[in-house]
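What follows is a short report on a single structure.
Every read-out reported here was derived from the displayed coordinates using simple, explicitly stated rules and does not represent laboratory data. In this text, all values refer to a predicted model and were calculated from it rather than measured experimentally. Neighbour counts run over all protein chains shown; Cβ positions are idealised from the backbone, glycine included.
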Amino acid sequence: MKIYKLLSLLLISIITLSSCSNNDDDDIQDNTTGNLQVKFENGFYNLGDIVLNQTIQTSVKGQKHQFSTLKYIISNISLTDENGSEFRYHYNNPDKGAFIINQEEAKAGIVFINLSEVPKGNYKKIKLGLGISPAAYLIGQDGQGLFWDKAKQEGMAWSWSAGYIFTKLEGKYGTSTPDTEFMNHCGNMGDVSSNGTADLYREVVLDLPTTARVNKDITPSVHILADFNQYLSGKTTLSLDTYNNMAMGSSAHLVNVSNNLINMFKVDHVHND
């Protein structure tokens, strides 16, 4: 009888250990990573690419304008998978997670950025930040020295106390033909709380029409269209004039510009190859 009981206890122990071992195996996470490319195509009405100093657009108010400079900062990118889990790519870390989209560098109308070490997953949404968040700015100049130097080199910053230029639009405008120069530089003037200026950092979440399947063998490419018709013909219809054609910082006009531009992004398609 004692032997029977001992054998029973031994069998139960073996079953328990086996069950625990299986559960441990189930809990092991797949730490495989891959890469993801994000392509930006800047155009009007999502048709074709903008050719600097050539492409002319007419706003809903009948004003013609063309760009000689078109640049903006993208940061705080995140991806949401099919289970609702969010992967934040170097959040509030401009040195590793901020990028300058410069139309002058477009190849066949496309400016692209590459994200590395993205966790394996099936992603359904992408979030973009337009500009640099207050939290990122407040980590200080030493915490973002590499990107700050790059921003200065590309004319996307004032002094440190004045902050970053989030969106830089320059060109000409007019009624019958673009013949008057304009410069609209949207950006935070340093620490918005202490300086009492408007925060122009904006975020948008975009659905992916096709799942982006990131793994070690597949590098998805997310093709985003940026419709710069939104600049003057967006949520708030705007006109350029002598009061705002040389606007820099975070004036009321540039608040409207920022609110318009955050609505310009749309994911056109995703390639999984």
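The lysines whose alpha-carbon is closer than 16 Å to the alpha-carbon of Lys107, local same-chain residues fewer than 8 away aside, are Lys39, Lys71. Residues of the range 78-93 falling in the label zone of Lys235, defined by backbone nitrogen less than 20 Å from a point 7 Å along Cα to beta-carbon, are 78.
No solvent, one uniform scatterer per C-alpha: report log10 I(q)/I(0) for the range 109-251 via the Debye equation at q = 0.13, 0.17, 0.21, 0.22 1/Å, two decimals. So the normalised log intensities are -0.78, -1.14, -1.34, -1.37. If you wrap the chain in the convex hull of its Cα atoms and look at it from every side, the mean projected area works out to 20.0 nm². Would you be so kind as to identify all helices of the chain, as entire DSSP H runs, whose Cα atoms reach 20 Å or more along the helix's own axis and whose mean Kyte-Doolittle hydropathy is at least 0.0? Within the chain the helices that satisfy the rule are 2-27.
If each of Ser161 and Val255 carries a label point 7 Å out from its Cα toward its Cβ, how far apart are those two points in nm? Each label point is offset 7 Å from its Cα along the Cβ direction, giving 2.4 nm.
Straightening the chain between Thr177 and Val205 buys 6.5 nm, computed as 0.36 nm per residue apart minus the Cα-Cα spacing. With a cut-off of 16 Å on the backbone N, the residues of the range 188-214 near the modelled label site 7 Å out from Asn263 along Cα-Cβ are 202-206.
More than 15 Å apart: what percent of Cα pairs in the range 46-123 qualify? In whole percent, the share of Cα-Cα pairs in the range 46-123 beyond 15 Å is 68. In this simple spin-label model, placing a label point 7 Å from the Cα along the Cα-to-Cβ direction at both Glu86 and Asn195 gives a separation of 2.6 nm. Got a sec? Which residues in the range 84-112 would a label at Lys152 touch, if it sits 7 Å along Cα→Cβ and we count backbone N under 16 Å? Flagged as within label range: 95.
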